[in-house]
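Data block below; observations after.
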Amino acid sequence: MSDIIEKTLASLPKLFSDGPRGSPGEKTMPQKKIMGRAFQGFLCSVSRCRSLTEEKTFITHELKQIQESLNRTDVSQGTVGELLFRLVYCHLLGYDVSFGFIHTIKLAQQGTGLEKRMGKFLLFYEILS
């Protein structure tokens with residue numbers, strides 16, 4: 001099951017890097033990297049956990065840090081998007097991430113271009129799940 005989740009999350013940057021008509025060849029704006037090294041490090045740290053209790057401890061600690069970061073006012077929209085992708089991953093693992101819903105709505109409203117698309121995607125994902 002974790003292989004499917006990792007493949008799904010790995011394919012998300014391609015989804016958002018396509019041009020406005022969906023083809024990767026048409027690029028009208030500079031490309032942004034959605035999932036940075038911090039997110040990849042987070043995925044590696046979760047996959048290195050050897051037991052369920054170790055994973056639960058790590059994820060709980062990360063969720064507290066994410067919540068504190070999202071509540072700060074000096075966080076950029078790109079960072080908010082990356083934090084929300086971490087929340088989606090935690091949600092896929094079965095953890096409660098309901099505190100992130102309002103931040104998803106904010107990202108969809110206040111972001112520019114790519115951030116709005118990320119916010120809408122995450123919002124629809126959270127509504128459907």
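The values are calculated or read from the model by the stated rules, or taken from the named source; none is laboratory data. None of the values given here were measured: they were computed from a predicted structure. For neighbour counting, all protein chains shown are included, and Cβ atoms are generated from backbone atoms with ideal geometry for every residue, glycine included. Ligands, DNA and RNA are stripped out before the accessible areas are found, and what is left, the full protein with its side chains, is counted by its heavy atoms. Shrake-Rupley method; radii C 1.70, N 1.55, O 1.52, S 1.80 Å.
Just one of the listed residues (4, 66, 34, 59) is at pLDDT below 70 and hydrophobic (A, V, I, L, M, F, W, C), and it is 34. The number of residues in region 44-69 that are surrounded by 11 or more Cβ atoms within 10 Å (Cβ to Cβ), more than 12 Å from residue 86 (Cα to Cα) and not polar (S, T, N, Q) comes to 5. Identify all residues within region 106-118 that are of a type outside the set (S, T, N, Q), over 11 Å from residue 84 (Cβ atoms) and part of a helix (DSSP H, G or I); write none if there are none. Selection gives 114, 116, 117.
Counting only residues that are more than 15 Å from residue 39 (Cβ to Cβ) and either open to solvent by 10 Å² or more (accessible area, probe 1.4 Å) or in contact (Cβ under 8 Å) with a residue 60 or more places away in the chain (or both), region 78-113 holds 15 of them.
Residues in region 94-103 that are part of a loop (DSSP other than H, G, I, E, B) and over 13 Å from residue 62 (Cα atoms): 94 only. For region 65-93, which positions are part of a loop (DSSP other than H, G, I, E, B) and under 24 Å from residue 47 (Cβ atoms)? Result: 93, single match. Considering region 40-83, and only residues there that are closer than 26 Å to residue 117 by Cβ and of a type in the set (Gly, Ala, Ser), the residue that is nearest to the chain's Cα centre (by Cα) turns out to be 81. Would you call residue 84 out of contact with any strand residue (DSSP E or B) (no Cβ under 8 Å at 6 or more places or on another chain) and more than 15 Å from residue 6 (Cβ to Cβ)? Yes, satisfied.
So, residue 11, is that one over 12 Å from the mean Cα position of the chain (by Cα), modelled with pLDDT of 90 or more, assigned to a helix (DSSP H, G or I) and exposed (fewer than 15 other Cβ atoms within 10 Å of the Cβ) or not? No; evaluated as a whole, the condition is false for this residue.
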